[in-house]
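Shown next, in structure tokens, is the structure this report addresses.
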Amino acid sequence: MDPILVSLIVVAALSAIGAGAFAISQLTARRRRGVIAAAFRAALPAASVRVRADRCEAETEAVLYLVKIVPLAGGAELILTNRLYWCRNDDPMNWKRSTKPSLVDGVAAFLDEAPATAKRVVKIALLYPTAHNVTRYLNESDVEVVTPRTSVDGVHFVPFDGLADFFSKRDQK
């Protein structure tokens, strides 16, 4: 076979694989947005819900919920090293201090967002689909486990499977 023809076939095959992977990622993202929107509508029936790629807003008469969607692999944990660095740990059993961090994108913009509204603003980091746990470094040697009820830097870290429970407990207050 002619080397140019082989090269063209290889390029075409790689392009098809890339296009297929892109299409699958877009379908997965669309499905995730639909599932998250449905969960918010079920938990807050009177809310207006808008879901984008990595953000969601749910607005009720009194509260505006700003949500940062944090995708995590099954069994992963989220480590809060400081205000702006949220690290994914996809393999908690084999994690070492020398493990290269996988940071969540867009944290600074999310934390700094201050919409002009008279409503109370509640920020939520939605851990999708769930998280093994969320830990926060207090200093070099001390950590604490973060629960959805506690707020860290003004953000509640809520696993997707605990979203309805989070809102039902907030309504009881």
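Just so you know, all these numbers are worked out from the coordinates, no wet-lab data involved. The shown structure was predicted, so the numbers you read here are calculated from the model rather than taken from an experiment. Virtual Cβ from ideal backbone geometry, glycine too; neighbours counted across all protein chains shown.
Here each label is just a point 7 Å from Cα along the line to Cβ, and for E61 and Y137 those points are 4.5 nm apart. When the chain is treated as a GNM with alpha-carbon contacts under 10 Å, the residue of E140, E77, E113 showing the greatest mean-square fluctuation is E140.
Calculated on C-alpha atoms, the gyration radius of the chain divided by its Kirkwood radius gives an Rg/Rh of 1.09. Could you run the Karplus curve 6.51 cos²θ - 1.76 cosθ + 1.60 with θ = phi - 60° over the stretch 98-111 and give me ³J(HN,Hα) per residue in whole Hz, x for Gly and Pro? Here the 3J(HN,Hα) series is 8, 5, 5, x, 10, 7, 7, 6, x, 5, 4, 5, 5, 5 Hz. Multiplying the residue separation of S151 and A38 by 0.36 nm and subtracting their alpha-carbon distance yields 38.2 nm. Percent antiparallel among DSSP beta bridges with both residues in the chain, to the nearest 5? The antiparallel fraction comes to roughly 55 percent. Computed from the C-beta positions of R83 and A23, the FRET efficiency with R₀ = 35 Å rounds to 0.45. Each residue of the stretch 75-90 was assigned a 3J(HN,Hα) from its phi angle through the Karplus curve 6.51 cos²θ - 1.76 cosθ + 1.60 (θ = phi - 60°); the sequence is x, 7, 10, 10, 10, 9, 7, 7, 4, 9, 10, 10, 9, 7, 10, 6 Hz, with glycine and proline shown as x. FRET efficiency for the pair A164 and A16, taken as 1/(1 + (r/R0)^6) with r the Cβ-Cβ distance and R0 = 41 Å, rounds to 0.50. The H on the amide N of A125, modeled in the peptide plane, is under 5 Å from the matching H of K68, H156, F157, V158, each at least 5 residues off or on a different chain.
Among the trypsin sites (Lys or Arg not before Pro) found in the stretch 21-58, those both in a DSSP coil and sparsely packed, with 15 or fewer other Cβ atoms within 10 Å of their Cβ, are R52. Pairs of Lys residues in the stretch 24-157 are counted when their Cα atoms are under 27 angstrom apart and they lie 8 or more places apart or on different chains; the count is 4.
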